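The values are calculated or read from the model by the stated rules, or taken from the named source; none is laboratory data. Please read all numbers here as calculations on a predicted model, not as lab measurements. Here the Cβ positions follow ideal geometry from the backbone for every residue, glycine too, while neighbour counts run over all protein chains shown. Protein only, heavy atoms only, side chains kept; ligands, DNA and RNA dropped before computing areas. Shrake-Rupley method; radii C 1.70, N 1.55, O 1.52, S 1.80 Å.
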Amino acid sequence: MNDRSPLSAPRHPSPTDDPLADLHTTDLSDLAIEADQQPRADVGTGTVQIGTGLSRIDALAKVTGRARYAAEHPADDLLYGWVVNTAAARGRITSIDASRALALTGVVDVLTHENRPKMRSLDLFYKDMTAPAGSPFKPLHDDEVHYSGQPVALVVARSLELARHAARLVQVRVETQPHETSMLAHRDRSHEPKSLKAGYSPPPKPRGAADAHWEDASIRVDTESYAGVEHHNPMEMHASTVIVGKDGHLTVYDKTQGSQNSRWVISRVFGLPARKVTVRNPFVGGAFGSGLRPQYQLLLATMAALHLKQSVRVMLTRQQMFTFGHRPETWQRVRLASDGEGRLTSVIHEALAETSRKEDYVEVVVNWSGQLYHCENVRLDYRLVALDQYSPIDMRAPGAAHGVHALEVAMDELSYAAGLDPLELRLRNYADRDSAQDLPFSTKALRECYAQGAERFGWSRRPRQPRSRREGDEWVGWGMATGTWDAMQMFARARAVLHANGQLVVESAATDIGTGTYTVMTQIAAAALGLPMEQVTFRLGDSTLPVAPIEGGSSHVTTVGSAVEGACEKIQRELWKRARHHVDGFAKVKFEDVEFSNGHLNARTGGLSVPLEQLVRLKGEDQIEAKYLLLPNLLKQKKYVRAVHSAVFCEVRVDEELGTVRVTRVVSAVAAGRIINPVTARSQVIGGVVWGISQALLEETLSDHALGRFMNHNLGEYHVAVNADVGEIDVLFVEEDDRIVSRLGAKGVGEIGIVGVAAAISNAIFHATGRRLRSTPMTPDKVMRRD
Ligand code: MOS
């Protein structure tokens with residue numbers, strides 16, 4: 001490390017007499033983990049396989065506070081930026097008076113669109129790797145106000161408190177223009193999205209005659225539902241610390257799901273060569289999609305640092321977390337019809353979602369309805385309404401969280417119309433082959449999810465009749481739903497170096513947003529070379545490492561994991577070649593007949609064994625290096641539909657007097673390919689289920705459309721599920737091994753956990769009370785309402 005390293009920043013004197021001094025200090029350098037910030041497994045974790053359950057290797061660093069997040073990295077002479085947001089929802093800034101703020105000693109500058117440094121202005125420079133079609137938001141670009149909460153000034157001061165105080169003294173005048181923030185009020189001007197966003201495919205063309213069949217059907221349902229806006233609330237708020245080096249090099253600690261995406265945007269917007277900017281995100285305190293696109297604080301902090309030639313940090317407050325992307329409000333209508341045996345004869349799914357006026361943010365909402373069940377007559381429709389809002393952004397299982405919800409509630413309704421058990425209805429419409437594209441599934445163990453989940457839950461004991469079980473003041477109901485999500489693979493590089501001392505270092509510019517990336521990548525590498533976990537280091541979170549995609553779409557294991565395994569296999573082959581040429585007895589041993597364990601290369605038969613260290617040193621070197629580029633095998637993959645599936649069963653207890661719903665029991669049976677680490681995978685699904693409960697019962701950001709503003713922009717009024725809202729959660733993984741999605745057999749578990757949970761809860765509420773609630777969140781007022 002050179003002397004500009006953040007870890008060599010001056011330290012505060014050690015605390016002496018004040019026992020609480022530790023708590024007061026803001027300098028964390030004494031607590032910092034190893035200089036390279038890469039967590040390592042504890043000694044004794046030992047040899048692992050794919051499928052071994054392991055706790056996170058970064059857990060200790062996190063719970064002891066040694067893991068540093070974006071706003072915790074120290075720098076010499078650090079300045080603090082505080083964002084001033086406008087209240088107006090649309091208009092033009094006529095004046096910004098910063099004189100009172102600037103008059104304070106210690107306030108260094110107030111940047112606005114009028115005095116900001118020159119930067120590039122074309123949209124194309126602001127387009128990040130995940131941007132949808134349209135014009136990306138450009139902070140402090142000009143005098144236009146596009147939405148309430150828009151950043152319009154950055155106060156830069158010598159302390160955080162001073163910057164915050166000074167920000168209140170900045171007077172912004174806006175000449176307002178009429179705004180439109182209500183999607184439902186402006187649905188008449190909806191448009192068909194034109195976006196070509198990564199991961200998005202428009203709804204397929206209609207097949208069969210869905211409308212005619214629906215009109216003629218005797219067993220049919222017609223459902224409407226609405227889901228309000230939801231905002232991401234990761235524990236770590238968005239922040240960027242931009243450290244200016246002596247040579248002008250920028251080291252940026254950013255809260256992001258992709259260091260190279262942030263690096264790309266900074267370089268382009270500020271016209272800096274790539275080598276002049278390094279973005280690091282060694283630890284990310286949750287993101288859930290909010291960090292897929294660089295957020296405005298990154299550009300503001302970089303702008304200020306370049307302008308002032310000094311290090312700057314900008315962190316958003318919890319309230320300001322409600323001033324950028326969000327899960328879009330979505331209205332849906334699902335119509336289903338079946339024959340007398342419950343076989344679907346028509347599926348019609350229409351959705352209307354909100355976007356900003358600047359960009360066509362899109363997500364796959366309706367497509368699942370043409371894929372999840374077998375039906376010959378399907379019509380799917382997805383439209384957008386552009387509003388005076390910030391563009392929505394992906395939130396865990398974007399599109400599916402809403403779209404599958406609407407479909408699965410409608411399926412439940414159809415089961416009653418057809419006189420069938422809800423699970424039986426789904427089995428009668430099971431799609432062994434995808435009917436939308438007429439392709440086989442790469443793997444699909446959904447039938448086993450249904451069977452094993454139902455068994456674990458005790459579904460067979462469910463009374464058919466709604467409103468048939470009461471305990472105390474509560475009605476008890478059981479509901480179920482199906483979940484699905486794409487199994488994706490992107491491209492990535494990885495580099496592996498096996499040192500003669502037996503240490504293996506593997507690198508890729510991947511991200512760990514809290515999902516367990518450090519742990520599973522280390523595990524994949526350790527398993528490949530038969531090394532104990534503590535001899536393997538996986539480095540991620542640095543834009544200078546080999547290229548990796550953003551951590552999104554539940555695809556990091558299939559992508560980066562495959563690259564890691566690929567790089568390790570190259571090392572395996574090199575070791576094997578060396579053994580064949582140089583070690584007695586190995587001359588005829590084939591690669592298929594060797595295995596790696598306990599730091600040795602062994603022939604499966606004959607008892608031959610040689611330490612890896614010896615093989616590394618054979619040519620007088622002290623390391624073996626291998627690089628691997630993982631490109632998805634598109635020719636093979638496109639012959640299949642690739643998806644993960646789940647079956648969710650739940651029990652609710654509903655107090656109609658109080659309007660309360662308690663989710664006392666959830667069983668989630670998941671088929672997501674080969675599970676690399678059942679401990680971290682289970683955590684992902686549990687987290688998804690908890691969020692599903694939250695989506696079902698609590699989360700909604702409400703607007704005052706007269707002001708065009710989100711009103712409950714804080715955790716006091718925007719409720720998320722807490723421990724008291726969560727009952728028993730039982731996760732089971734159904735066996736699958738999918739070598740079409742990835743060489744590891746894995747499919748990805750990040751998003752599937754949330755899909756279908758809200759629908760299962762809605763369906764359970766119906767079973768408990770006989771009342772159908774389709775829109776989320778199902779808050780007490782809706783549960784109590786008598787219509
Ligand atoms: Mo996730 S919404 O793909 O970060």
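May I ask you to compute the full-extension gain from Gln319 to Asp593, defined as 0.36 nm times their residue separation minus their alpha-carbon distance, rounded to one decimal in nm?
92.7 nm
How far is the Cα center of the stretch 349-391 from the Cα center of the stretch 601-623, in Å?
Spelled out, the Cα-based centre of one part sits 56 Å from the other.
Of the listed pairs Lys205/Lys444; Lys62/Lys127; Lys194/Lys358; Lys138/Lys197; Lys127/Lys197, which have alpha-carbon separations greater than 22 Å here?
Correct reply: Lys205/Lys444; Lys62/Lys127.
Can you pull out the chymotrypsin sites (Phe, Trp or Tyr not before Pro) in the stretch 94-173 that DSSP calls coil and that have at most 14 other Cβ atoms within 10 Å?
Those that pass, being in a loop and sparsely packed, number zero.
Going by the alpha-carbon gyration tensor, a ≥ b ≥ c the square roots of its eigenvalues, is the stretch 631-740 rounded (a/c under 1.5) or, if a/c is not under 1.5, prolate (a/b greater than b/c) versus oblate?
Oblate, since a/c reaches 1.5 and b/c is not below a/b.
Give me the percent of accessible area attributable to carbon and sulfur for the chain, probe 1.4 angstrom.
Within the chain, the accessible surface is 50 percent carbon and sulfur.
Could you tell me how many cubic angstrom of Cα convex hull volume the stretch 574-667 has per residue?
271 Å³
Probe of 1.4 angstrom, ligands and nucleic acids ignored: what's the accessible area per residue over the chain, in square angstrom?
Result: 39 Å² of accessible area for each residue.
How many angstrom separate the Cα center of the stretch 634-688 from the Cα center of the stretch 104-156?
Taking the Cα centre of each part, the stretch 634-688 and the stretch 104-156 sit 39 Å apart.
Whole-Hz ³J(HN,Hα) for each residue in the stretch 725-741, computed from phi via Karplus 6.51 cos²θ - 1.76 cosθ + 1.60 with θ = phi - 60°, x for glycine and proline: what do you get?
8, 10, x, 6, 10, 10, 10, 10, 9, 8, 5, 8, 8, 10, 7, 8, 6
Once each part is reduced to its C-alpha centroid, what is the distance from the stretch 493-518 to the stretch 525-568 in angstrom?
Going from one Cα centre to the other spans 5 Å.
Under the rule of at least 5 residues apart or a separate chain, name every residue whose amide H is placed under 5 Å from the amide H of Ala487.
Hits under the 5 Å cutoff: Arg642, Ala643, Val644.
If I model a spin label as a point 7 Å beyond the Cα along the Cα-Cβ vector, how far apart are those points for Met711 and Ser218 in nm?
Result: 4.9 nm between the two label points.
Using amide H atoms built 1.01 Å from N in the peptide plane, name the residues 5+ places from Val229, or on other chains, whose amide H lies under 5 Å from its own.
Hits under the 5 Å cutoff: Glu329, Thr701.
Within 10 Å of each candidate Cβ there may be at most 14 other Cβ atoms; applying that plus a DSSP loop requirement, which trypsin sites (Lys or Arg not before Pro) in the stretch 138-184 survive?
Those satisfying the criteria are Arg168.
Compute the relative contact order of the chain as a whole-number percentage, counting only Cα pairs closer than 8 Å that sit 6 or more residues apart in sequence.
Rounded, it is 16 percent for the chain.
In terms of the Cα gyration tensor, with a ≥ b ≥ c the square roots of its eigenvalues, is the stretch 243-375 rounded because a/c is under 1.5, prolate because a/b exceeds b/c, or oblate?
Working: a/c = 3.56, a/b = 3.07, b/c = 1.16.
Judged from the Cα gyration tensor, the stretch 243-375 comes out prolate (a/c at least 1.5, a/b above b/c).
Please list 3J(HN,Hα) in residue order for the stretch 517-522, calculated via the Karplus relation 6.51 cos²θ - 1.76 cosθ + 1.60 where θ = phi - 60°; whole Hz, with x for glycine and proline.
4, 3, 5, 6, 5, 4
What number, rounded to the nearest 500 deg cm²/dmol, is the helix-based mean residue ellipticity at 222 nm of the chain, given -39500 (n - 2.57) per DSSP H run of at least four residues and division by all its residues?
Details: 18 runs with 176 residues, N = 787.
Helix-only estimate at 222 nm: -6500 deg cm²/dmol.
Could you tell me the calculated FRET efficiency between Phe491 and Asp730, based on Cβ-Cβ distance and R0 = 45 angstrom, to the nearest 0.05?
The value I calculate is 0.80.
Quick one: putting +1 on the C-beta of Lys and Arg, -1 on the C-beta of Asp and Glu, what dipole do you get for the chain around its Cα centre, in Debye to the nearest 20?
The calculated dipole for the chain is roughly 1680 debye.
Convert each backbone phi in the stretch 70-87 into a coupling constant with the Karplus relation 6.51 cos²θ - 1.76 cosθ + 1.60 (shift: θ = phi - 60°), then list the ³J(HN,Hα) values in order as whole Hz, x for Gly and Pro.
4, 8, 10, 7, x, 8, 5, 6, 5, 9, 10, x, 10, 8, 9, 10, 7, 8
Would you mind calculating the gained length between His581 and His113 on full extension (0.36 nm times residue separation, minus the Cα-Cα distance), in nm to one decimal?
161.7 nm
Quick check: residue separation of Leu618 and Thr105 times 0.36 nm, minus the Cα distance between them. What number comes out in nm?
Between Leu618 and Thr105, full extension yields 178.1 nm more.
If a/c stays under 1.5 just call it rounded; otherwise compare a/b with b/c (prolate if a/b is bigger, oblate if not). Do that for the chain, with a ≥ b ≥ c from the square roots of the Cα gyration tensor eigenvalues.
Judged from the Cα gyration tensor, the chain comes out oblate (a/c at least 1.5, b/c at or above a/b).
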